[in-house]
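Asks: Here you go, one structure.
The numbers here are math on the coordinates, done by the rules we state, and not lab data. A quick note: this is a predicted structure, and the numbers were derived from the prediction, not measured. Reconstructed Cβ throughout: ideal geometry from the backbone, glycine too, with neighbour counts over all protein chains shown.
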Amino acid sequence: MRVKRHGLTPFAKGPHSPAPRAARFAKGDLHEKTNRRFDAAALAALSRTFAREAALKVAEEGLRLCYALSGSWLASGEAAEGASWLDRLLDLDRPVPAGVRARALAVRAELAFEHQDYPAARDYARQCVQLSEACQDGNQAAGLRLLALTALMAGNPEAALEHADAAVRAGRQMADEWEEGVALAAKAGVIAS
């Protein structure tokens, strides 16, 4: 008996099901004689399933790793490397949790700002804010802060101050002292300009 779900065709569990053998096969616990029990179609289906699952993990975990490495890239001057990794991972046509994608977009906006590519920073920041609002996750405060900074660089201090105020509120709502603090610093920069 097969069950179709999410575009995958998992095998039903049972003593003669290939699912337990597939799990042991993936861990390398099966010997050659047992491996012969898989027919070519089952191996092909299993291979596609493993590849699909691996691609999903690569996209999600890669974006999480980029978020974790963002401070290092910015502090070490390796923003180009970070931008390259993020561009590749964001371009993958794989579903990832919206909050993960939103946080990655915030990092990409920061890296674009670091490279003085203000239009790209603004676009990534907008995407971050929109996605963060839609999913109630992500990093709306960072997106708003980057919108404030890009508006300031574009010569629009009124919009910059509005975005900075919104970034401070979002940081407080997130209970994220770091984001609240850098949003306050951005607001101070706008006021001082």
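Asks: Using θ = phi - 60° and the Karplus relation 6.51 cos²θ - 1.76 cosθ + 1.60, list the HN-Hα couplings for region 85-97 in order, rounded to whole Hz, with x at every Gly or Pro.
Replies: 3J(HN,Hα) across region 85-97, in whole Hz: 5, 5, 4, 5, 6, 5, 7, 5, 8, 10, x, 10, x.
Asks: Another one. Using the Karplus equation 6.51 cos²θ - 1.76 cosθ + 1.60 (θ = phi - 60°), what ³J(HN,Hα) coupling, rounded to whole Hz, does each residue of region 70-84 give in order, writing x for Gly and Pro?
Replies: Result, rounded to whole Hz: 4, x, 5, 4, 5, 6, 8, x, 9, 4, 5, 5, x, 4, 4.
Asks: Also: Tell me, what is the percent relative contact order of region 78-193, built from C-alpha pairs under 8 Å that lie six or more residues apart? Please list the in-between numbers first.
Replies: Details: 175 pairs, mean separation 22.9, N = 116.
Relative contact order, region 78-193: 20 percent.
Asks: Go through region 141-149 residue by residue and turn each phi into a ³J(HN,Hα) via Karplus (6.51, -1.76, 1.60, θ = phi - 60°); whole Hz please, and just put x for glycine and proline.
Replies: Working through the residues one at a time gives 4, 5, x, 5, 4, 5, 5, 4, 5 Hz.
Asks: Which GluC sites (Glu not before Pro) in region 102-141 pass both tests, a DSSP loop state and at most 13 other beta-carbon atoms within 10 Å? Each step should come with its number before you reach the end.
Replies: Details: sites: Glu110, Glu114, Glu133; in loops: none.
Answer by residue number: there is no such site.
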